[in-house]
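Structure first, then comments.
The values are calculated or read from the model by the stated rules, or taken from the named source; none is laboratory data. Every value quoted in this text rests on a predicted model; they were computed, and no experiment measured them. Virtual Cβ from ideal backbone geometry, glycine too; neighbours counted across all protein chains shown.
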Amino acid sequence: MSRIGRMPIAIPAGVTVQIAENNKVTVKGPKGTLERTLAPEMEIKEEAGHIVVSRPNDLKRMKALHGLTRSLINNMIVGVTQGFEKVLEINGVGYRAAKSGKVLTLTLGYSHPVTMTDPDGVEAVCDGQNKIIVKGIDKEKVGQYAAEIREKRGPEPYKGKGIKYADETIRRKVGKTGKK
C-alpha cells in the first residue's frame, strides 16, 4: 500500500472541501479557492473531518495515482490555509530586481532589462534589490513562475552569478590556470 496515499488528510477549521462527480475537488479557505479535476479511477471520500483516498486495484498506474492524488489534495488544503512561497536570490555585480505594479523588471547584465508580468494567483515581491519572493496559493503556479524567473539567468558555476533559489547550492568549478 502507498505510504503517502493511505494517510488521511485532516481538514483544518475554516476550510471546506467539496467532491463532485468525476473527482472534481474544490477547496475553499481563508486565502482563496482552488479547483482541480483528479484521476477518475481514485475513490475520494470525506470521513469524520478527514479526506481518504483509496485505489481500486494494485496495478502500477493505480499505485502511482494513489500517492499523487493524495498529495495534490493536501497541497490544495495547505495552499488555501498557509499559501506557498519560493525565495530567489540574485548574485552578481549590477544584477538587481525592481517591482512596479504587476511587472517585475530584472537587470541581469543583458543589453536590455528583462520584464515579467505576474500570472494570475501568483505575486512576486522584491525584498531589497537582490531578493525575490514568489507567493501564491497554488504550489504548481508558484514553482513554475519561480522557475521562469530563474531561467532568465541561471547561476553559473565559476563565479556563482545569476538567479538561484535561496536553498540551492551551486557546485563551483575551478577556473582556468595560466601556462607555466
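Is the stretch 6-19 home to any residue that is of a type in the set (D, E, K, R), loosely packed, with under 14 Cβ neighbours inside 10 Å and modelled with pLDDT under 95? So far as the stretch 6-19 goes, no, none of its residues is of a type in the set (D, E, K, R), loosely packed, with under 14 Cβ neighbours inside 10 Å and modelled with pLDDT under 95. Among the residues of the stretch 1-14, just one is farther than 14 Å from residue 79 by Cβ and in a strand (DSSP E or B), namely 10.
Taken together, the criteria exclude residue 35 from residues that are touching a strand residue (DSSP E or B) at 6+ places or on another chain (Cβ under 8 Å) and either surrounded by 17 or more Cβ atoms within 10 Å (Cβ to Cβ) or farther than 30 Å from residue 133 by Cβ (or both). Taken over the stretch 15-71, the residue count meeting the criterion of being within 22 Å of residue 83 (Cβ to Cβ), assigned to a strand (DSSP E or B) and of a type in the set (A, V, I, L, M, F, W, C) is 5. If you go through the stretch 126-180 and pick out every residue that is β-branched (Val, Ile, Thr) and either in contact with a Ser or Thr (Cβ under 7 Å, 6 or more places away or on another chain) or touching a residue at least 40 places away in the same chain (Cβ under 8 Å) (or both), you end up with 7.
All conditions in (1) surrounded by fewer than 18 Cβ atoms within 10 Å (Cβ to Cβ); (2) more than 12 Å from residue 17 (Cβ to Cβ) hold for residue 50, with the sole exception of (2). Taken over the stretch 55-65, the criterion of being under 19 Å from residue 24 (Cβ atoms) and loosely packed, with under 15 Cβ neighbours inside 10 Å is satisfied by 56 alone.
Counting only residues that are touching a Phe, Trp or Tyr at 6+ places or on another chain (Cβ under 9 Å) and aliphatic (A, V, I, L, M), the stretch 96-128 holds 5 of them. Among the residues of the stretch 102-115, the ones that are more than 22 Å from the chain's Cα centre (by Cα) and assigned to a loop (DSSP other than H, G, I, E, B) come to 6 in all. Among the residues of the stretch 20-43, is any outside the structural domain of residue 151 (by TED's automatic domain parsing), of a type in the set (Gly, Ala, Ser) and more than 30 Å from residue 123 (Cα to Cα)? No, the stretch 20-43 has no match at all.
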